[in-house]
Amino acid sequence: MTGGGGVRGGWLPVVCWAVTRAVVLLCVLRVVVLPGPDVTTDVSVIYQGWYDVLKTGTYPLDDVTWQYPPAAALAVLAPGLLPFLDYAPAFFVLVLVADAAGLALFLRAGRRAGNRPAGAWVWIAGVALLGPTAYARYDLMVTVVAVAALFAAVRRPRVAGALVAFGTLLKAWPALLLAGVALRGRRAAALWRSAGATAAGLTVCCVAAAPGALAFLTFQRDRGTEVESLGGLVFHVARHYGWDGQVLLNYGSVEFLGPGVELVSSLALALSGAAVGWLVLWRLRAGPPTRATLCDAAFTATLLLTTTSRVISPQYMLWLVGLGAVCTTVRASRQALPAVLVVLATGVTLLEFPLGFAHVVASDPRGVALLALRNGLLVAASLLACRRLWAANRGPVDGTEPLSAAAYAHTPATVR
C-alpha cells in the first residue's frame with residue numbers, strides 16, 4: 001500500500017503539469033482563443049523580427065524595444081534549432097521543454113534531505129495561472145536558469161555562479177540572486193569568482209560576435225509609467241478626475257504619457273533605490289547565512305524590485321513564481337506565505353491581462369479593481385517577505401558558509 005501510494009504521489013505532479021500545459025499550448029497555438037489581446041504576437045512578430053535581424057550578424061540597433069542583455073539573442077535565435085517548425089511553434093516547444101526541466105528540478109530537489117515537494121506544486125500552479133503569457137515570452141527560460149542556480153548553490157557554487165551570470169546576461173534580474181551570498185568563505189568566494197568570470201567572458205564573446213550587444217543599456221532610459229505598475233494606479237484614478245494624459249504603446253509596453261508621469265516614474269525609481277538600500281542594510285546586519293538565506297534573499301530582492309518598478313509586465317510574475325517555488329521547496333525557508341500571495345497575484349494577473357486588459361486600458365472600475373488587487377497582493381507579499389527575512393537572519397555577518405544538505409539534516413531543530 002505504501003509503495004503504491006508513493007508511485008501515485010510521484011506521478012500526480014507530472015500528470016497535473018501535463019494537463020495544465022496542454023491547456024496553455026492550446027491557447028498559444030490559438031486552438032483555444034481567450035478574450036483580450038493576442039499575447040502570441042510578441043513571438044510571431046517582435047521575436048521573429050529580432051530573429052531575422054540577429055541572423056544578419058547584428059543586434060536590433062534600430063529597434064528601441066530591444067531592451068535586453070546580449071545573451072537574450074540566444075533565446076531569440078533558439079527556435080532555429082527546430083527548422084522543421086515555423087518560428088512561433090518552435091519557440092513554444094522550447095519553452096515547454098524549459099518548463100519540463102523546471103518541474104524536474106523541483107521534483108528532484110523535493111526528495112533531498114531538508115527539502116519538501118511543495119515547490120513543484122507552486123511551479124505547476126503558478127505557471128498555469130499566468131496562462132498563455134507564460135509561453136509567449138522567454139522569461140520562463142530565464143526563470144529555470146535562476147532556479148537551477150539556487151539549487152546548485154549549496155553543493156556546486158561554481159556552477160551556481162556561472163548560471164547566475166548566464167541568467168543575468170539573458171535578462172538582468174537574476175543578478176538579484178546574489179543578494180544573499182556571503183562576502184567571505186570558501187564556497188561564497190568560489191561562487192563570486194565563477195559569476196564574475198562567466199559574466200566577463202560571455203560579455204566579451206557577445207560584443208565580439210555582433211555590434212550593438214550593449215545597446216540595451218540606453219534603450220530604457222526614456223520609458224514612462226506602465227499601465228499595470230504600482231505607480232500606474234495613480235493615473236488610473238486621476239483619469240476619473242480630469243487628468244488629460246494619454247495611454248499609448250511606448251517602448252514596447254502600454255504606458256501613461258502626460259502631466260505628472262515623469263514625477264511618478266522618478267518616485268518609482270526612488271522606491272526601488274530605497275528597496276536596494278534596505279537590502280544593503282539587511283545584509284550588513286544579517287547573521288551567518290543559512291541554507292535558506294540564498295533563496296529567501298533572492299526572492300525578497302526580486303519581489304521588492306518588481307513591485308516598485310515602473311513596469312510590471314505580466315511575465316514578470318514568472319520570476320517570482322520560480323523563486324517562490326524554491327523557497328517553498330527549502331524547508332528552512334520562511335517565505336512560504338509570501339510565495340502563496342505571489343501565486344494568488346499571478347492568478348489575478350491573468351484576469352487583468354489578457355482577459356480584462358481592455359478594462360485596464362480604459363481605467364474603468366473593473367480594470368482598476370483588478371490592478372489594485374494584484375498590486376496590493378504584491379505589496380503585501382513584499383512587506384511580509386522583508387519582515388520574515390529580517391527576523392530570520394539577525395546579528396553581524398561572519399564567514400560562516402551555507403550549510404550543506406547533509407549538515408542541515410543533522411542540525412538540531414532549535415538551530416534550524
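Scanning segment 204-259 for residues that are within 15 Å of Asp364 (Cβ to Cβ), in contact with a Leu (Cβ under 9 Å, 6 or more places away or on another chain) and without any contact (Cβ under 8 Å) to a residue 60 or more places away in the chain yields a count of 0. Quick check: anything in segment 240-258 surrounded by fewer than 20 Cβ atoms within 10 Å (Cβ to Cβ), within 30 Å of Arg388 (Cα to Cα) and of a type outside the set (Asp, Glu)? Checking segment 240-258: not a single residue is surrounded by fewer than 20 Cβ atoms within 10 Å (Cβ to Cβ), within 30 Å of Arg388 (Cα to Cα) and of a type outside the set (Asp, Glu). When Ile46 is tested against (1) without any contact (Cβ under 8 Å) to a residue 40 or more places away in the chain; (2) within 22 Å of the chain's Cα centre (by Cα), just one condition goes unmet, and that condition is (1).
To keep it simple, each residue is scored yes or no on (1) open to solvent by 20 Å² or more (accessible area, probe 1.4 Å); (2) modelled with pLDDT under 95.
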residue: Tyr68; (1), (2): yes, yes
residue: Leu74; (1), (2): yes, no
residue: Leu82; (1), (2): yes, no
residue: Pro89; (1), (2): yes, no
residue: Leu103; (1), (2): no, no
residue: Asp139; (1), (2): no, no
residue: Val145; (1), (2): yes, no
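Within segment 44-78, being within 13 Å of Gly212 (Cα to Cα), of a type in the set (A, V, I, L, M, F, W, C) and out of contact with any Phe, Trp or Tyr (no Cβ under 6 Å at 6 or more places or on another chain) holds for Trp50, Val53, Leu54, Leu61, Trp66, Ala71, Ala72, Ala73.
So which of Thr56, Thr20 ends up being surrounded by fewer than 20 Cβ atoms within 10 Å (Cβ to Cβ) and out of contact with any helix residue (DSSP H, G or I) (no Cβ under 9 Å at 6 or more places or on another chain)? Break it down stepwise before answering.
On the way: Thr20 fails: out of contact with any helix residue (DSSP H, G or I) (no Cβ under 9 Å at 6 or more places or on another chain).
After applying the criteria, what remains is Thr56.
Of the helices (runs of 4 or more DSSP H) contained entirely in segment 31-136, those carrying at least 1 residues that are in contact with a strand residue (DSSP E or B) (Cβ under 9 Å, 6 or more places away or on another chain) and aliphatic (A, V, I, L, M) fall at 87-110.
May I ask you to list the residues in segment 250-308 that are in a loop (DSSP other than H, G, I, E, B) and β-branched (Val, Ile, Thr)? Talk me through it step by step, then tell me what you get.
Looking only at segment 250-308, we keep the residues that are in a loop (DSSP other than H, G, I, E, B), and these are 251-252, 258-260, 286-292, 308.
Thr290, Thr308 - these are the residues of segment 250-308 that are in a loop (DSSP other than H, G, I, E, B) and β-branched (Val, Ile, Thr).
Being open to solvent by 20 Å² or more (accessible area, probe 1.4 Å), of a type outside the set (Lys, Arg) and farther than 15 Å from Val321 by Cβ is the requirement here; does Ala113 meet it? Against the criterion (open to solvent by 20 Å² or more (accessible area, probe 1.4 Å), of a type outside the set (Lys, Arg) and farther than 15 Å from Val321 by Cβ), Ala113 qualifies. Residues in segment 202-236 that are surrounded by fewer than 13 Cβ atoms within 10 Å (Cβ to Cβ) and either in a loop (DSSP other than H, G, I, E, B) or not polar (S, T, N, Q) (or both): Val204, Ala208, Pro211, Leu217, Arg221, Asp222.
Yes or no: Arg30 among the basic types (Lys, Arg) and either within 22 Å of the chain's Cα centre (by Cα) or within 27 Å of Leu355 (Cα to Cα) (or both)?
On the way: among the basic types (Lys, Arg): yes; either within 22 Å of the chain's Cα centre (by Cα) or within 27 Å of Leu355 (Cα to Cα) (or both): yes.
Yes: the conditions hold for Arg30.
Per-residue answers, yes or no, for (1) assigned to a loop (DSSP other than H, G, I, E, B); (2) closer than 28 Å to Phe92 by Cα:
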{"position": "Val147", "(1), (2)": "no, yes"}
{"position": "Leu163", "(1), (2)": "no, yes"}
{"position": "Leu183", "(1), (2)": "yes, no"}
{"position": "Ala188", "(1), (2)": "no, no"}
{"position": "Gly196", "(1), (2)": "no, no"}
{"position": "Ala199", "(1), (2)": "no, yes"}
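Taken as a whole, the condition of being surrounded by 16 or more Cβ atoms within 10 Å (Cβ to Cβ), over 21 Å from Arg223 (Cβ atoms), in contact (Cβ under 8 Å) with a residue 24 or more places away in the chain and out of contact with any strand residue (DSSP E or B) (no Cβ under 8 Å at 6 or more places or on another chain) does not apply to Val14.
Here is a yes/no grid of residues against (1) open to solvent by less than 10 Å² (accessible area, probe 1.4 Å); (2) part of a helix (DSSP H, G or I); (3) closer than 27 Å to Phe299 by Cβ:
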position: Gly347; (1), (2), (3): no, yes, yes
position: Leu351; (1), (2), (3): no, yes, yes
position: Pro354; (1), (2), (3): yes, yes, yes
position: His359; (1), (2), (3): no, yes, no
position: Arg366; (1), (2), (3): no, yes, no
position: Leu378; (1), (2), (3): yes, yes, yes
position: Leu383; (1), (2), (3): no, yes, yes
position: Cys386; (1), (2), (3): no, yes, yes
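The values are calculated or read from the model by the stated rules, or taken from the named source; none is laboratory data. Since we're looking at a predicted model, the values are computed, not measured. All Cβ positions, glycine included, derive from the backbone under ideal geometry; neighbour counts span all protein chains shown. For accessibility, only protein heavy atoms count, side chains too; no ligands or nucleic acids. Shrake-Rupley method; radii C 1.70, N 1.55, O 1.52, S 1.80 Å.
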